[in-house]
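Student: To start, I am sharing the structure in question, which I have written as structure tokens.
Computed from the coordinates by the stated procedures, all read-outs in this text should not be read as laboratory data. In this text, all values refer to a predicted model and were calculated from it rather than measured experimentally. Note that each Cβ is placed from the backbone with ideal geometry, even for glycine, and that neighbours are counted across all protein chains shown.
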Amino acid sequence: MIKTWQLLTGLLFSMGIMASTAAQQQQRDYIMIVGSSTAFPMVSTVVERFVRKTGARSPVVEAMGTGGGFRFFCDGVGLEMPDITMASRKLNEAELKQCESNGIQNPVEVKIGYDGIVFVNTKDAESFDFSARDLYLALAREIPDPSGRAELVSNPYSKWNEISESLPALPIKILGPPLSSGTRDILFEKLMEQACADHAMLHDMRGKDADAYNEHCYTFREDGAYIEAGENDARIVRKLSQDPGAIGILGYNFLERNGDLLKAATIDSIAPEFEMIEDSSYPLSRPLYLYIKREHYPLVNGLSEFLSEFTSDAAWGDDGYLIDKGLIPLSAEERTSWRKRALPGT
């Protein structure tokens, strides 16, 4: 028979292990943030203000794209895992399942504002007014046969004026994001899908064979006209300065920060301006998000304080310092609602 003192000793030993583990978990004194390169400049600015104001150890911020950020974020709970991921789209069902399978329950979603995807080139280059159809025909790997036959062919267009006489007679050369980027996801959703659906043959395919439809409509060309330029939008800016004939795909905030060098194309004659993105008149406007592990609030020093700084009117408000980084603010009512999500108990 097990004696009372043995039970008590075992209980105290178990409590000691749990206390030791909890103490170890409390030891991380900095925040880990990963994800979207579009949101990176905004988050980095809040980090600077937060450190200056509190004297806290600086959070570690790494831009690896929205998709890459979600994969890392959803790998598990613990001090070796990120606390926050930045995103230019919502967490999808497959990613949410990955989170749940690794012990992350109901990540806290916080919409932080809006951004737009812009097609840009250097100020001394030709100006472009694209239609959504123009961009689909420039980007897609396969398109309906221009001769009218009911079949798909490899994209034959090498110059912009071959797509539309209104466009310059310049080679098609587009520098854009890789598959892991949320920017690319939004291009598929808001640009490629609608343009695909406008073609009768592809519209019919969507109803009959969804996998084939996705393969044809969500695949960019690989013949050199579209060049994956990595997750770093600043790198695309540098490449454009070296190649004035190229078009780059960037977040609006990078256009704002490089307005002395770059200009934006219009899409369906709508310019990517602050007000047009804010009210979603611009076709490629999009929300930006932070996702936070609720399991990490008690484990990481400064996490709540950092989120308090981010969701302060001084940062993301109508006249906040993030406006200068290209953030299009939420309404006051939305900010109040999302701030409560970010700061449980407030």
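Student: What's the longest piece of the chain with no exposed GluC sites (Glu not before Pro), counting a site as exposed if DSSP puts it in a loop and it has at most 16 other beta carbons within 10 Å? Write out the running numbers ahead of the final one.
Tutor: Values: sites that count: E80, E126, E151, E165, E222, E273.
Answer - 1-79.
Student: With charges set only on the Cβ (+1 for Lys and Arg, -1 for Asp and Glu), what does the dipole of the stretch 78-122 come to about its Cα centre, in debye to the nearest 20? Please list the in-between numbers first.
Tutor: Details: 4 positive and 7 negative charges, 38 e Å.
Roughly 180 debye, rounded to the nearest 20.
Student: Continuing with this model, one more query. Give the Kirkwood hydrodynamic radius (Å, one decimal) of the chain, defined as one over the mean of 1/r across all pairs of different Cα atoms.
Tutor: On the way: mean 1/r = 0.0451 Å⁻¹.
Across the chain, the inverse of the average 1/r is 22.2 Å.
Student: Report the charge-dipole magnitude of the chain in Debye, nearest 20, computed about the Cα centre from +1 at each Lys and Arg Cβ and -1 at each Asp and Glu Cβ.
Tutor: Around 1340 debye, computed over the chain.
Student: With springs connecting C-alpha atoms under 10 Å apart, model the chain as a Gaussian network and identify which of H199, H216, H296 has the largest mean-square fluctuation.
Tutor: In this elastic network of the chain, the residue with the biggest mean-square fluctuation among H199, H216, H296 is H199.
Student: Would you grab the residues whose amide H sits under 5 Å from the one on K159? Only those 5+ places off in sequence or on another chain, please, with H modelled 1.01 Å from N.
Tutor: For K159, whose amide H was placed from the backbone, the distant partners under 5 Å are I172.
Student: Would you list, by chain and number, the lysines whose Cα falls below 16 Å from the Cα of K90, excluding same-chain residues fewer than 8 positions away?
Tutor: Partners within reach: K111, K190, K293.
Student: Roughly how many whole Å is it from the C-alpha centroid of the stretch 34-62 to that of the stretch 92-160?
Tutor: If we compute the Cα centre of each part, the gap is 28 Å.
Student: Please identify every one of the trypsin sites (Lys or Arg not before Pro) in the stretch 77-149 that sits in a loop by DSSP and has no more than 14 other beta carbons within 10 Å of its own beta carbon. Kindly include the intermediate steps, with their values, before the conclusion.
Tutor: Values: sites: R89, K90, K97, K111, K123, R133, R141, R149; in loops: R89, K90, K123, R141, R149.
Of the trypsin sites (Lys or Arg not before Pro), the ones in loops of the stretch 77-149 whose Cβ has at most 14 other Cβ atoms within 10 Å are K123, R149.
Student: With axes computed from alpha carbons, what is the tilt in degrees of helix 4-25 against the longest principal axis of the chain, rounded to the nearest 10 within 0 to 90?
Tutor: Approximately 40 degrees, to the nearest 10.
Student: For K325, give me every one of the aspartates and glutamates with a C-alpha distance below 12 angstrom, ignoring sequence neighbours fewer than eight places off in its own chain.
Tutor: D115, E256
Student: Give the dimensionless ratio obtained when the Cα radius of gyration of the stretch 60-144 is divided by 2.2 N^0.38 Å.
Tutor: On the way: Rg = 18.2 Å, N = 85, 2.2 N^0.38 = 11.9 Å.
In units of the globular-protein estimate, the stretch 60-144 measures up at 1.53.
Student: What does DSSP give for the chain in terms of the percent of beta bridges that are antiparallel, rounded to the nearest 5?
Tutor: About 65 percent, rounded to the nearest 5.
Student: Measure out, as a whole number of angstrom, how far apart the alpha-carbon centroids of the stretch 280-346 and the stretch 223-243 sit.
Tutor: Centre-to-centre distance over Cα atoms comes out at 30 Å.
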